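In what follows, a single structure is set out as structure tokens and then discussed.
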Amino acid sequence: VLKLFKLLHRTRQEVFKNDTKALEAARQKINEEFRNNRDETSEEKINELLKIASDVEVILRTSVIQAIHTDSDKIVLIPRKDVLQDNTPYLDKPTKK
């Protein structure tokens with residue numbers, strides 16, 4: 001449980017780097033969720049909560065992209081390596097194998 005708690009906080013720091021409002025909001029939410037379930041004793045429920053926390057960490061790491069408003073009508077995206085994925089190029093006429 002502690003390992004996952006620390007992993008969520010490290011992911012939060014990486015995903016929301018330089019965004020103090022998002023960093024603080026994510027910190028509060030992570031701490032609140034773990035605090036609310038601190039007294040849980042059911043092994044089945046604990047495993048379910050750990051699975052949810054693990055899924056949240058993966059989604060944060062692979063799906064969240066920071067954006068910065070540079071002008072009134074422009075936004076600059078700041079992707080991380082975890083978000084970038086290899087993409088298969090589009091072919092009008094696929095080749096047969």
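With all protein chains kept in place, the per residue accessible area of the chain amounts to 86 square angstrom at a probe of 1.4 angstrom. In whole angstrom, the chain maps to an equivalent ellipsoid with semi-axes of 33, 23, 9, each derived as √(5λ) from the alpha carbon gyration tensor and ordered largest first.
For residue 93, no lysines have a Cα falling under 23 Å of its own Cα, not counting residues fewer than eight places away in the same chain.
Share of the chain's accessible area from carbon and sulfur, percent, 1.4 Å? Intermediate values should be presented prior to the final figure.
On the way: 4460 of 8380 Å².
Roughly 53 percent of what the probe reaches on the chain is carbon or sulfur.
Among the protein heavy atoms, those of residue 40 account for about 60 Å² of accessible surface (1.4 Å probe, every chain in place). Over 28 Å apart at the Cα level, from the set 45/81; 21/81; 29/74, are 45/81; 29/74.
Computed extension length for residue 17-residue 62: 14.7 nm, one decimal, from 0.36 nm per residue of separation with the Cα-Cα distance subtracted. For residue 66, the residues whose modelled amide H falls within less than 5 Å of its own, excluding neighbours fewer than 5 places apart on the same chain, are 78.
The values are calculated or read from the model by the stated rules, or taken from the named source; none is laboratory data. Just so you know, these numbers come straight off a predicted model, no measurement behind them. Quick note on the areas: whole protein, heavy atoms, side chains included, nothing else; ligands and nucleic acids left out. Shrake-Rupley method; radii C 1.70, N 1.55, O 1.52, S 1.80 Å.
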